[in-house]
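Asker: I'd like to ask you about the structure that follows.
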Amino acid sequence: KAGVTQTPRYLIKTRGQQVTLSCSPISGHRSVSWYQQTPGQGLQFLFEYFSETQRNKGNFPGRFSGRQFSNSRSEMNVSTLELGDSALYLCASSLWPSYEQYFGPGTRLTVT
Amino acid sequence: AQTVTQSQPEMSVQEAETVTLSCTYDTSESDYYLFWYKQPPSRQMILVIRQEAYKQQNATENRFSVNFQKAAKSFSLKISDSQLGDAAMYFCACENNNDMRFGAGTRLTVKP
């Protein structure tokens, strides 16, 4: 089975721009979660989707949003980028919520 | 939301020896799940072990085992017969209601 894939792997954006990151879960997995990883803040939960519904959201501003499609693929969007948004964004999928999560390789976002 | 604390930023172990990584958590929920994830230098997170809070028996996965003390809210990871490939960042996580929270991580070095 193919693992979780994330595109793009690397991205450089300018302050004020917006960005969309994509995540394709493992086939059959219906739950997708997003995390932000930075050296200073560690791994922080962004949101979780199951069957196209956002079931939980971490403590991030409204500039961070996401969605999940009927094929379980998910996207996250960050609008009005700030320097502090530079991070590794990880996507993880699981068969059901609370099952073990399988992580993708991440998207490294650099905001200049 | 739950919080997870890993008090050891760095640990080292001699190859073939045993090391224990500490983790404490705080949650007001009675139904939750605990995980240890490993993130090798290549950055892809891998699940090491999973524990359901309602199970008293400690989870074991080959050389990896946990010591789950529910009353103390402690969830330590023991790695036996350490191998060079065990070198990585180890993250403890607590999941409840589709919300996964991670500790700051422990960087494990394995000395040959």
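Asker: Skipping prolines and chain starts, which residues have an amide H placed within reach, meaning under 5 Å, of the one on B:LEU108, given they are 5 or more residues away or on another chain?
Answerer: B:MET11, B:ALA88, B:MET89, B:TYR90
Asker: I've got another one for you. For B:LYS111, which lysines qualify as cross-link partners when the Cα separation must be under 30 Å and same-chain residues fewer than eight apart are set aside?
Answerer: The qualifying lysines are B:LYS38, B:LYS78.
Asker: Given Cβ point charges of +1 (Lys, Arg) and -1 (Asp, Glu) and nothing else, what value in debye, to the nearest 20, does the dipole of segment A:2-58 about its Cα centre take?
Answerer: I would put it at about 160 debye.
Asker: Oh, and also: Can you sort B:ILE46, A:ILE26 by how many other beta carbons sit within 10 Å, fewest first?
Answerer: Ranked by crowding around the Cβ, least crowded first: B:ILE46, A:ILE26.
Asker: If you restrict to DSSP beta bridges whose two residues both lie in chain A, what percentage is antiparallel, to the nearest 5?
Answerer: 90 percent
Asker: Shifting gears a bit: Before anything else, pin down the relative contact order of chain B: Cα pairs under 8 Å, at least 6 apart, normalised by residue count, whole percent.
Answerer: Relative CO of chain B lands at 38 percent.
Asker: Could you list B:TRP36, A:TRP96 in order of exposure, starting from the residue whose Cβ has the fewest other Cβ atoms within 10 Å?
Answerer: Ascending Cβ contact count within 10 Å gives the list A:TRP96, B:TRP36.
Asker: Okay, moving on. How large is the dipole of segment B:1-80 about the Cα centre if only Lys and Arg carry +1 and Asp and Glu carry -1, each at its Cβ, rounded to the nearest 20 debye?
Answerer: Using only the charged Cβ atoms, the result is roughly 100 debye.
Asker: In a shell of Cβ-Cβ distance under 15 Å around A:LYS13, excluding A:LYS13 itself, what net charge do Lys and Arg (+1) and Asp and Glu (-1) give?
Answerer: Within the 15 Å Cβ shell, the charges total +2.
Asker: Quick check on chain B: of the DSSP beta bridges with both residues there, what percent are antiparallel, nearest 5%?
Answerer: On the way: 35 of 40 bridges.
Approximately 90 percent, going by the DSSP bridge assignments.
Asker: Moving to a separate point now. With Cβ to Cβ distances under 13 Å as the rule, what net charge do the other residues near A:GLU48 carry (K, R +1; D, E -1)?
Answerer: Details: positive: A:ARG30, A:ARG55, A:LYS57, A:ARG67, B:ARG101; negative: A:GLU52, B:GLU95, B:ASP99.
Result for the local shell: +2.
Asker: Taking just the alpha carbons, could you work out the radius of gyration and Dmax for segment B:57-112, both in angstroms?
Answerer: 12.9, 42
Asker: Sticking with this structure for a sec: Among B:THR24, B:GLN44, B:LEU34, whose Cα lies farthest out toward the positive end of the dipole of chain B, if unit charges sit on the beta carbon of Lys, Arg (+1) and Asp, Glu (-1)?
Answerer: Checked the options; the winner is B:GLN44.
Asker: Another one. Give a residue-ordered list of calculated ³J(HN,Hα) values for segment A:41-47 (Karplus: 6.51 cos²θ - 1.76 cosθ + 1.60, θ = phi - 60°; whole Hz; x for Gly, Pro).
Answerer: Once θ is set to phi - 60°, the couplings for segment A:41-47 become 9, x, 8, 10, 6, 9, 6 Hz.
Asker: Also, I was wondering about something else. Given +1 on the Cβ of Lys and Arg, -1 on the Cβ of Asp and Glu, and no further charges, what dipole in debye does the protein assembly as shown carry about its Cα centre, rounded to the nearest 20?
Answerer: That gives a dipole near 480 debye.
Asker: In addition: Could you please report the charge total around B:THR27, scoring K, R as +1 and D, E as -1 over all other residues with beta-carbon less than 13 angstrom from its beta-carbon?
Answerer: Its environment carries a net charge of -2.
Asker: Using Cβ counts within 10 Å as a stand-in for footprinting exposure, how do B:MET89, A:MET76, B:MET45, B:MET11 rank, fewest first?
Answerer: Exposure proxy ranking, most exposed first: B:MET11, B:MET89, A:MET76, B:MET45.
Asker: In the protein assembly as shown, with Lys and Arg counted as +1 and Asp and Glu as -1 at Cβ, which of these residues, B:GLN2, A:SER94, B:GLY103, has the Cα nearest the positive end of the dipole, that is, farthest along it?
Answerer: A:SER94
Asker: Okay, moving on. Any idea how far the Cα center of segment B:89-108 sits from the one of segment A:1-74, in Å?
Answerer: Cα centres, segment B:89-108 to segment A:1-74: 17 Å.
Asker: Under the Cβ-under-4.7 Å rule, which cysteines of the protein assembly as shown stay unpaired?
Answerer: B:CYS94, each lacking another Cys Cβ under 4.7 Å.
Any read-out appearing in this document is the output of simple, stated calculations on the displayed coordinates, not a laboratory observation. Bear in mind the structure is a predicted one, so any value in this text is a computation, not a measurement. Neighbour counts run over all protein chains shown; Cβ positions are idealised from the backbone, glycine included.
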